[in-house]
1. Those residues that are without any contact (Cβ under 8 Å) to a residue 60 or more places away in the chain and more than 13 Å from the ligand (Cβ to nearest atom), I need them from region 190-228; list them, please.
2. Going through region 30-42 one residue at a time, which ones are touching a helix residue (DSSP H, G or I) at 6+ places or on another chain (Cβ under 7 Å) and within 15 Å of the ligand (Cβ to nearest atom)?
3. How many of the residues making up region 54-90 are buried (at least 18 other Cβ atoms within 10 Å of the Cβ) and under 18 Å from the mean Cα position of the chain (by Cα)?
4. Please give the number of the condition residue 187 fails out of (1) assigned to a helix (DSSP H, G or I); (2) away from the ligand (no atom under 14 Å from the Cβ); (3) buried (at least 24 other Cβ atoms within 10 Å of the Cβ).
5. Could you tell me whether region 283-298 includes any residue that is within 13 Å of the ligand (Cβ to nearest atom), touching a residue at least 24 places away in the same chain (Cβ under 8 Å), in contact with a helix residue (DSSP H, G or I) (Cβ under 8 Å, 6 or more places away or on another chain) and within 26 Å of residue 44 (Cβ to Cβ)?
6. Given the criteria part of a strand (DSSP E or B) and either in contact with a helix residue (DSSP H, G or I) (Cβ under 7 Å, 6 or more places away or on another chain) or surrounded by fewer than 17 Cβ atoms within 10 Å (Cβ to Cβ) (or both), does residue 243 qualify?
7. In region 229-260, what residues are within 14 Å of residue 168 (Cα to Cα) and within 14 Å of the ligand (Cβ to nearest atom)?
Ligand SMILES: Cc1cc2nc3c(=O)[nH]c(=O)nc-3n(C[C@H](O)[C@H](O)[C@H](O)COP(=O)(O)O)c2cc1C
């Protein structure tokens, strides 16, 4: 069973990446896991200025996943350029790295991309258009509308020729419309999905459990929404899709692959088990052999050719 996927002009040794915001910039996990056993990872979202993030508590654990409001805490583009990327360039050999980018407006997104574009250590950018916890945005994430999605993607496209992923939100009326807009504006791939807006309350007091009030739902409860978005987007765009949301084991990942994802990402599951990503890689190998597959790509989009998943 061959696990490699050749996409974006390179080969991923397997289709499993760690999701943005759940593995820092790699270094944070390097003593615990072997990053080079993974297909790759996506960094924490990087903004122009350093951000301290939202008030504590920032996470609430649920039986079905978790709700977080980290608020895009990150060291800012200059320290990422001078410290984080050099570490990745000298320590990560096989895993393919995407730098996640966030901003208050399209100029900020493009400025971050432009500042990092000439550095070593990474393959491309994942443009985070869908963070529900960015209180500084004073509005709604760009990915809730096709026009604002296209505006950010077009601006980023104009300053880099590296692979660009557009990371979209699950809470839109039709993900096909937003995915199409991102691709038309220059996205080379689509990442589906970010967290879903959520609120956890103390039942006695009515106070929000998180310091920032609302947050984003991730983990198992998000998986059916992510699989549905992937399946729907696959009908609308031809570029590779990266599936993320609630993947905890190989059979979860297979749902995304069958729905049309070429790669998958593991996020929340890594908090309970830092080896979750490697576990999914091994499980895919096992499930694929059992199913008599020669290569993992035989799963990709299978639900469409079989007319399933409607
Ligand atoms: C604590 C935490 C921090 C996150 N930070 C980011 C981030 O900085 N940028 C981003 O695009 N997504 C971020 N996400 C969203 C994840 O990358 C992923 O899309 C989402 O959690 C769904 O996957 P999961 O259910 O496997 O966690 C974060 C998620 C969590 C739980």
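The values are calculated or read from the model by the stated rules, or taken from the named source; none is laboratory data. Computed from a predicted structure; not experimentally measured. Cβ: placed from backbone, ideal geometry, glycine included. Neighbour counts: every protein chain shown.
1. Those that are without any contact (Cβ under 8 Å) to a residue 60 or more places away in the chain and more than 13 Å from the ligand (Cβ to nearest atom): 201, 202, 203, 204, 205, 206, 207, 208, 228.
2. Of everything in region 30-42, those that are touching a helix residue (DSSP H, G or I) at 6+ places or on another chain (Cβ under 7 Å) and within 15 Å of the ligand (Cβ to nearest atom) turn out to be 38, 41.
3. Here the count works out to 9.
4. Unmet for residue 187, out of (1) assigned to a helix (DSSP H, G or I); (2) away from the ligand (no atom under 14 Å from the Cβ); (3) buried (at least 24 other Cβ atoms within 10 Å of the Cβ): (1).
5. Within region 283-298, not a single residue is within 13 Å of the ligand (Cβ to nearest atom), touching a residue at least 24 places away in the same chain (Cβ under 8 Å), in contact with a helix residue (DSSP H, G or I) (Cβ under 8 Å, 6 or more places away or on another chain) and within 26 Å of residue 44 (Cβ to Cβ).
6. yes
7. Across region 229-260, the qualifying residues are 229, 230, 241, 242, 243, 244, 245.
Here is a yes/no grid of residues against (1) modelled with pLDDT of 95 or more; (2) more than 16 Å from the ligand (Cβ to nearest atom); (3) buried (at least 24 other Cβ atoms within 10 Å of the Cβ); (4) closer than 22 Å to residue 8 by Cα:
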| position | (1), (2), (3), (4) |
| --- | --- |
| 92 | yes, yes, no, yes |
| 98 | yes, no, yes, yes |
| 106 | no, yes, no, no |
| 109 | yes, no, yes, yes |
| 113 | yes, no, yes, yes |
| 143 | no, no, yes, no |
| 153 | yes, no, yes, yes |
| 162 | yes, yes, no, yes |
